[in-house]
1. I want the local charge near LEU289. Using Cβ-Cβ distances under 13 Å, sum +1 for each Lys or Arg and -1 for each Asp or Glu among the other residues.
2. Could you tell me the extents of segment 300-457's C-alpha atoms along the three principal axes, largest first, rounded to whole Å?
3. Binned at 10 Å from 0, what are the whole-percent values of the Cα-Cα distance distribution for segment 544-658, short to long?
4. Compute the projected area of the convex hull of the Cα atoms of segment 239-311, averaged over all viewing directions, and report it in nm² to one decimal place.
5. Cα gyration tensor of segment 273-376, axes a ≥ b ≥ c as square roots of the eigenvalues: rounded (a/c below 1.5), prolate (a/b > b/c) or oblate?
6. So, by mean Cβ neighbours within 10 angstrom, what's the order for 77-87, 648-658 with the highest one leading?
7. Dipole of the chain, Cα-centred, from +1 at each Lys and Arg C-beta and -1 at each Asp and Glu C-beta, to the nearest 20 debye?
8. Where the accessible area of segment 66-186 is counted over protein heavy atoms with a 1.4 Å probe, how much of it, in %, is carbon and sulfur?
Amino acid sequence: MYKKQKQLFIILLCLAASASVFAKGKVFKLQSPDKKVTIEIEAGDILTYSVQYAGKPLLAKSPISMTLYDGKVLGSKTKVSGSTNRSVNQQVKPLFGISNSYMDNFQELTVSFADNFSVIFRAYNEGVAYRIATKMTGKIKIKNEQVVYNFGGDYTGFFSELKDIHEPNSYEVHYKNQKLSQVDTGASYLPLVVEVPAGPKVLITEVDLLDYPALYLKSDGKTGLTSLLPTIVTKTKLNGWNNVNYQKLYTERADYIAETQGSRSFPWRTMIFANIDKDFLNSNLVYLLATESKLKDVSWIQPGKVSWDWWNSLNLTGVNFKTGFNTETYKYYIDFAAKNGIKYVNIDEGWSDQTNLLKVTDKLDMPEVVRYAKSKNVGLFLWCIWHELDEQMTEAMDQFQKWGIAGVKVDFMDRDDQEVVNFYEKCASEAAKRKILVNFHGAMKPTGLERTYPNVINREAVQGLEYDKFGDKCTPEHAATVPFIRMVAGPMDYTPGAMQNHNKGDFRAISDRPMSQGTRCQQLAMFVLYYAPLEMMADAPTAYEKEPEILKFCAEAPTVWDETIALDGKISDYAVIARRKGDKWYIGGLTDWSARSVNVDLSFLPAGNYEAEMFSDGMNAERVGNDYKRTVKTVTSKEKLPFDMAPGGGFAVVLTKK
């Protein structure tokens, strides 16, 4: 009997020693599967957590709380009622993504409290996250949520500033490299990046934002960031220009941020780590933290390329009709798409009355355009303003379904309070019922909705190529920044593909004859580097048709991938990535306004010979951005490919197994 007791004691001792979660009084610790990340939770007068990475402090004690409208503070004078933990190590197979499977490996701790709430913590090898969950009857009003990130010093980082979180905004911003204490003009959008000198870079964002306002962070003036959340809108007004009311803005607000179900989980407050900058390019943590798909039938959801009309101002050349917003022009776009394997054509602003989506313009024979697109097996996307769609949701979506419209491009939300956040889910759900895809523009950052509703095929929330129509902000430095920050949050509709490419001195913003900053090959690189399941080809069909080599590359490059390997990069300087679809590999690289040479190591390739089709900056690309050279050679995994990128330059490679 004594021997059996001794054996049982040894087994229990071993289990305790190997456990990644343990408690000492009101202090809990949680470790990542590789033991490098440690979260310490202290439940005392206030609830706090801190994070260590590889034994070094990463985040100092940071409070967690939620204040209800009745004055009750969840996270103050805490009384622990229990705790549970679990381990998960599994493969998640997304419908589509940057790889065909994601490793979901984490340790989780749930600490429950006497006030009918709990906090769930997760430790991944590549990040940490926590969320509050409540278990109360009926509905509750939430006055505020305290989200704090206390760092150990006045570190630098990449932030995008907004003066007032209640003003109209669409996350179409530049990132500034500055100190934490300098982020004091209002708040920073998420995601943002903090550079911790003794540890990894830290990207902060939120995930699973449903029925709740978006999170912003402001500086505490020292070494930390603290939360701001938009309050409930009680009165609105319409606003716009050119006699069109694009925006629905607030005139009055309540003094609380949300009214929601009392029994629910709230958004994940998420930190993603990168020991070297390129690690951010591989991240899929936002997807993994999001709610699983609510759609049973997803067979109809098809990513693909889009021939886009608006950026190029419908500028067809060499045709025998007057181009513009008319039936003949869109038939040309449809023919172009069908001939080149492009799945969709976008019909942007102008197809309907702006106040009535059921009233089609007389400039366009919509039934004929729809019929013609069907006959060519090309899907159509229709642009619309969000608040008009919201008011006519059932009637408009029913009409789109009757026409056989493939998707809607919904624009100008320009807010992220609870009402508008709820619209995203409502729109996604109603569209899915009718097998319609959704591309959100004028939108907040992604927070995982594309997993919950996979028909949410893309999202803007980035200062993309359209800004070259209006000014000079969409620079190569910006192009080399967004993949490390904004794209970590999810799909990014940057809309590449400009066929007129200019250096810094020659660039001009011309709305109806747009061009890009940087070289032609930088535009090509974006089709590989930027993840966009619904990828626009921004320039006119006739512009591509004049350059068959470029057209073939742009039309054939995949929009979703089986494997992604980040090869090199530095935030705001340059990025190089390799992606695989089937047995074909694509490589894309781009640089800022500094010329740069890179050697692409092909050791990631399986054994065998590959035909490498390479597009690289021409000898005169620094002067004439359109200049490029195409070369073809046989390569193996033992080789390195050298590329000299011009200022604002790039390169693209297609590797086909022989």
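1. -3
2. Dimensions of segment 300-457 along the principal axes of its Cα atoms: 50, 31, 28 Å.
3. Result, from short to long distances: 13, 45, 36, 6 percent.
4. Numbers: hull surface 45.3 nm².
Mean projected area for segment 239-311: 11.3 nm², to one decimal.
5. Details: a/c = 2.31, a/b = 1.86, b/c = 1.24.
In terms of gyration-tensor shape, prolate.
6. Per-residue Cβ counts within 10 Å, averaged per peptide and sorted highest first, yield 648-658, 77-87.
7. 2280 debye
8. Carbon plus sulfur share of accessible area: 44 percent.
The values are calculated or read from the model by the stated rules, or taken from the named source; none is laboratory data. Quick caveat: nothing in here was measured; it's all calculated off a predicted structure. Reconstructed Cβ throughout: ideal geometry from the backbone, glycine too, with neighbour counts over all protein chains shown. Only protein heavy atoms, including side chains, enter the accessible area calculation; ligands, DNA and RNA are left aside. Shrake-Rupley method; radii C 1.70, N 1.55, O 1.52, S 1.80 Å.
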